[in-house]
Amino acid sequence: IDTYNDYFTDKLRYHIGYTDAWWSVYGEGRSSFAVNDQRYAYYASPAPAGTVNFKGQGPESDTVDLNQAYVTVGNLKEFPLSLKVGRQELSYGEERLVGAFDWNNIGRQFDAAKLRFQNDWVTADAFISRVVIPEDEKFNVDNDYDYFSGIYATSTIIPKNTLDLYFLARNSQAGAVAAEPSPQSAQPSPQDIYTVGGRIKSLPKQIGNFDYTLEGAYQFGNYHDLRAGAPAERLKQDAYMFII
């Protein structure tokens, strides 16, 4: 069996933006190239109905596409609320649960509406979004059946620390798994999964030469496993996370 796979990747980003006192616009394109990658861009066995296995240049190729394009309304220096609408990155905390996945050659984007509240001691985002599906040789669209929403708040109320509190929801319908014919990342099965958690992190150089992070979360809900032989009914999700 040939296990040798030597390939080259390259990622370019190019952007343009305009900022006024109470609004701004931003656009960013991305070229993610891969050469000689022998892996499949999309492969499932059996492939879900409506999807097709596709090789192309592998899962890290997305030759030319839109990375971000959004409008922001508001001026947080003058008023505590702002709104950002459009294709954007969502990144919170250590990016363990929500992140731009930027080390990957493609990354992760969301078509989202995000409302931000900010004052001297707290910043809180409330958002609703649909996850963008990477698909080479086609314009990337979001998954019409896959919703990701939540509230994420960060506060400096604890001296020498930042405190994060969050609630996240992933709600996917039956059509999500086959929303596009050849996605370069597996799409979710039907699910209603919720995560509640918090994180406390010391501010740099505030506790001598030491720093620390503590984070914990509880996840609950249910999902439908679509693999062959899996139970027909939805399964319960019950998970915990603790990081020190």
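Computed values, structure above
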read-out	value
Selection count where residues are among the aliphatic types (A, V, I, L, M) and either modelled with pLDDT under 95 or over 17 Å from E95 (Cβ atoms) (or both), scope the stretch 201-222	2
Filter result (part of a strand (DSSP E or B) and among the β-branched types (V, I, T)) within the stretch 83-129	V85, V122, T123, I128
Of residues in the stretch 101-121 being aliphatic (A, V, I, L, M) and surrounded by fewer than 18 Cβ atoms within 10 Å (Cβ to Cβ), the one farthest from V64 (Cα to Cα)	L115
Hits in the stretch 14-34 - residues which are touching a strand residue (DSSP E or B) at 6+ places or on another chain (Cβ under 9 Å), open to solvent by 60 Å² or more (accessible area, probe 1.4 Å) and more than 30 Å from V177 (Cβ to Cβ)	Y14, H15, I16, Y18, T19, W22, W23
Every residue from the stretch 189-229 that is closer than 16 Å to A176 by Cβ and either basic (K, R) or not in a strand (DSSP E or B) (or both)	S189, P190, H224, D225, L226, R227
Subset of the stretch 148-188 [hydroxyl-bearing (S, T, Y), under 18 Å from K201 (Cα atoms) and open to solvent by 40 Å² or more (accessible area, probe 1.4 Å)]	T154, T156
Qualifying positions in the stretch 122-147 - touching a helix residue (DSSP H, G or I) at 6+ places or on another chain (Cβ under 6 Å) and open to solvent by 30 Å² or more (accessible area, probe 1.4 Å)	Y145
G216 vs. criteria surrounded by 13 or more Cβ atoms within 10 Å (Cβ to Cβ), at positive phi and not aliphatic (A, V, I, L, M)	no
Subset of the stretch 219-244 [without any contact (Cβ under 8 Å) to a residue 12 or more places away in the chain, aliphatic (A, V, I, L, M) and open to solvent by 60 Å² or more (accessible area, probe 1.4 Å)]	A232
Conditions (1) over 21 Å from L97 (Cα atoms); (2) touching a strand residue (DSSP E or B) at 6+ places or on another chain (Cβ under 7 Å); number of the one not met by I207	(2)
Test: N161 is within 15 Å of the chain's Cα centre (by Cα) and touching a residue at least 24 places away in the same chain (Cβ under 8 Å)	no
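The values are calculated or read from the model by the stated rules, or taken from the named source; none is laboratory data. Keep in mind that this is a model prediction, so the values were computed, not measured. Every residue, glycine as well, gets a Cβ built from its backbone with ideal geometry; the counts of neighbours run over all protein chains shown. To get the accessible areas, we keep the full protein, side chains included, count just its heavy atoms, and leave off ligands, DNA and RNA. Shrake-Rupley method; radii C 1.70, N 1.55, O 1.52, S 1.80 Å.
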